[in-house]
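The values are calculated or read from the model by the stated rules, or taken from the named source; none is laboratory data. Everything quoted here is computed from the prediction, not taken from an experiment. In this analysis, Cβ positions are derived from the backbone assuming ideal geometry, glycine residues included, and neighbour counts consider all displayed protein chains.
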Amino acid sequence: MAENKKNTTDVIQELALVTDAIQTIFPSGKIICVYELNEEDFKKVQTNFRKIDHQYKKFSVDISGLEHVFIQEETIQVEEQTNEIPKKNKFKNFIMKLLSMFKSSRISI
């Protein structure tokens with residue numbers, strides 16, 4: 001039990017440190033951090049937040065105004081395999097689609 005609580009605190013503390021560092025570097029910027037994680041790391045991070053439905057392969061967390069988006073690795077690979085989108089717009093379309101999924105599932109810390 002103590003080890004699980006320590007692990008939870010570590011992940012949240014580390015995200016808070018990353019948030020603080022990025023906000024120090026870019027104090028007036030609007031920043032979204034996207035993390036593509038393997039299944040094990042994704043689940044490890046996901047367990048730290050109670051309000052997240054564990055069926056989803058993507059979720060976002062807002063820490064002090066900086067959005068952290070977590071994506072399970074296989075999700076990105078499926079998106080990359082479709083050849084329907086021209087290459088120059090592929091990344092922009094993916095980001096717009098990704099961001100539209102998180103409008104209603106933000107968690108504030």
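Tabulated results
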{"item": "Qualifying positions in the stretch 49-68 - under 14 Å from Ile12 (Cα atoms) and within 13 Å of the chain's Cα centre (by Cα)", "result": "Phe49, Ser60, Val61, Asp62, Ile63, Leu66, Glu67, His68"}
{"item": "Pick from the stretch 48-58, criterion under 19 Å from Ala16 (Cα atoms) and in contact with a helix residue (DSSP H, G or I) (Cβ under 7 Å, 6 or more places away or on another chain), ranking: surrounded by the most Cβ atoms within 10 Å (Cβ to Cβ)", "result": "Ile52"}
{"item": "Filter pass, Gln23 being at pLDDT 90 or above and not in a strand (DSSP E or B)", "result": "yes"}
{"item": "Count of residues meeting criterion [aromatic (Phe, Trp, Tyr) and in a loop (DSSP other than H, G, I, E, B)] in the stretch 48-62", "result": "2"}
{"item": "Test for Val45: is it part of a strand (DSSP E or B), modelled with pLDDT of 75 or more and either surrounded by 15 or more Cβ atoms within 10 Å (Cβ to Cβ) or in contact with a Pro (Cβ under 8 Å, 6 or more places away or on another chain) (or both)", "result": "no"}
{"item": "Qualifying position, being more than 24 Å from Glu14 (Cα to Cα) and either at pLDDT 90 or above or in a helix (DSSP H, G or I) (or both), among Ile85, Ile95", "result": "Ile95"}
{"item": "Test set (1) within 21 Å of Phe94 (Cβ to Cβ); (2) exposed (fewer than 15 other Cβ atoms within 10 Å of the Cβ) - Val61 fails condition number", "result": "(2)"}
{"item": "Verdict on Glu79 being surrounded by 14 or more Cβ atoms within 10 Å (Cβ to Cβ), in contact with a Leu (Cβ under 7 Å, 6 or more places away or on another chain) and modelled with pLDDT under 90", "result": "no"}
